[in-house]
1. How many residues, within segment 164-195, are small (G, A, S), within 20 Å of M233 (Cα to Cα) and either more than 8 Å from the ligand (Cβ to nearest atom) or more than 22 Å from the chain's Cα centre (by Cα) (or both)?
2. Looking at (1) within 10 Å of the ligand (Cβ to nearest atom); (2) under 19 Å from H232 (Cα atoms); (3) part of a helix (DSSP H, G or I), which is the only condition L29 fails?
3. With respect to T126, is the statement that it is within 16 Å of the ligand (Cβ to nearest atom), of a type in the set (S, T, N, Q) and within 30 Å of T59 (Cα to Cα) true?
4. Among the residues of segment 130-157, write down those that are loosely packed, with under 14 Cβ neighbours inside 10 Å and either within 18 Å of the chain's Cα centre (by Cα) or within 14 Å of the ligand (Cβ to nearest atom) (or both).
5. Any residue that is within 13 Å of the ligand (Cβ to nearest atom), under 14 Å from the mean Cα position of the chain (by Cα) and among the small types (G, A, S) - is there at least one of those in segment 196-212?
6. Does at least one position in segment 168-176 carry a residue that is surrounded by fewer than 21 Cβ atoms within 10 Å (Cβ to Cβ), over 27 Å from E105 (Cβ atoms) and either in contact with a Leu (Cβ under 8 Å, 6 or more places away or on another chain) or of a type outside the set (D, E) (or both)?
7. Looking at segment 185-214, I want the residues that are on the phi > 0 side of the Ramachandran plot and have a partner that is surrounded by fewer than 19 Cβ atoms within 10 Å (Cβ to Cβ) with Cβ atoms under 7 Å, at least 6 apart or on another chain. Which pairs are those?
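Nothing in this text is a laboratory measurement; each read-out follows from the coordinates by a stated rule. None of these values were measured; they are calculated from a predicted model. Every residue, glycine among them, receives a Cβ derived from its backbone with ideal geometry; neighbour counts consider all protein chains shown.
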Amino acid sequence: MVPRIGLGTWQAFDVGNDAAARAPLREVLKLLDGNMVDSSPMYRSAESVAGDLIAGLGTRERLFVATKVWTTGRAEGLRQMETSFQRLRVQTMDLMQIHNLVDVETHTKTLREMKQQGKIRFMGITHYTSSAYADVERWLKAEQYDFLQINYSLAESASAKRILPLAKERGVQVIINRPFAEGRLFAKAKGKPLPSWAAELGIASWAQYFLKWIVSHPAVTCAIPATSNPAHMKDNLAAGTGPMPDEAQRKTMTGYFDSL
Ligand SMILES: NC(=O)c1ccc[n+]([C@@H]2O[C@H](COP(=O)([O-])OP(=O)(O)OC[C@H]3O[C@@H](n4cnc5c(N)ncnc54)[C@H](OP(=O)(O)O)[C@@H]3O)[C@@H](O)[C@H]2O)c1
């Protein structure tokens with residue numbers, strides 16, 4: 001439904017009104033066509049910056065815009081989401097997610113209503129750490145969400161044990177956050193060569209290695225690496241195309257990375 005690679009906005013898009021810092025972000029967004037752009041009111045100015053730039057480019061209809069609700073209480077949740085609609089400058093939100101399961105019981109009811117009213121197209125939940133997986137699992141079983149956003153990477157792979165299979169079983173689309181473990185993966189691979197067989201998988205950089213490993217998991221819909229660098233965005237987008245590793249090749253990729 002959405003391309004395999006999207007864009008995260010945490011930190012990267014929190015640049016306020018700084019015109020020089022906004023310029024490369026505009027170029028990053030220009031490269032997208034149908035891709036998911038993920039934000040949150042937690043990311044300070046990121047929603048406003050993304051909203052202004054997308055409006056300026058006139059590409060809203062070519063993007064899948066996702067944000068989150070991150071507060072407690074029905075009234076406060078509705079107020080916060082209204083602000084997000086204004087900041088991201090959308091009439092309809094493609095996806096509204098309950099950030100880190102904050103007041104998930106209340107917001108699940110509100111999001112269901114908003115979906116019925118056509119204000120949001122899809123609803124979901126997010127988290128980013130294995131300490132929350134028991135709760136994530138409980139909510140995935142208790143309610144029918146359209147999307148789950150969760151962490152998964154060569155540095156943080158625990159969600160593959162129970163969470164990813166459960167999401168697949170429940171027909172929930174999966175978005176992967178922290179695909180580079182906030183950049184930590186690059187630190188480990190720095191100065192190390194890609195294996196000779198990477199080219200056969202269409203892998204030309206470490207970013208593509210990390211992302212292809214993620215998006216080839218059968219439960220995964222897309223990954224949303226954050227970047228403020230247009231060259232990095234191009235690099236990341238290339239990981240969504242070409243050959244994908246099968247299960248045996250994914251194991252080989254894990255082994256090679258662990259041996260670095
Ligand atoms: N609970 C939640 O809902 C939750 C939690 C965590 C994250 N998220 C979402 O997931 C998104 C991604 O996670 P994240 O921002 O924590 O970290 P990440 O995407 O794992 O890593 C971002 C880092 O990778 C670098 N990078 C990106 N592409 C690169 C490339 N091709 N080559 C080299 N470096 C590259 C970026 O630097 P440059 O800017 O220099 O490219 C940045 O420092 C967030 O932005 C957010 O939207 C949600």
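1. Total meeting the criteria: 2.
2. Failing condition for L29: (1).
3. It is true that T126 is within 16 Å of the ligand (Cβ to nearest atom), of a type in the set (S, T, N, Q) and within 30 Å of T59 (Cα to Cα).
4. Matches in segment 130-157: S131 only.
5. Here is the first cut: in segment 196-212, the residues within 13 Å of the ligand (Cβ to nearest atom) are 203-212.
Of the ones still in play, those that are also under 14 Å from the mean Cα position of the chain (by Cα) are 211.
After this cut, where a residue has to be among the small types (G, A, S) as well, the list is none.
Checking segment 196-212: not a single residue is within 13 Å of the ligand (Cβ to nearest atom), under 14 Å from the mean Cα position of the chain (by Cα) and among the small types (G, A, S).
6. No, the conditions are met nowhere in segment 168-176.
7. As it stands, the answer is G202/G242; G202/P243, since those pairs meet every condition given.
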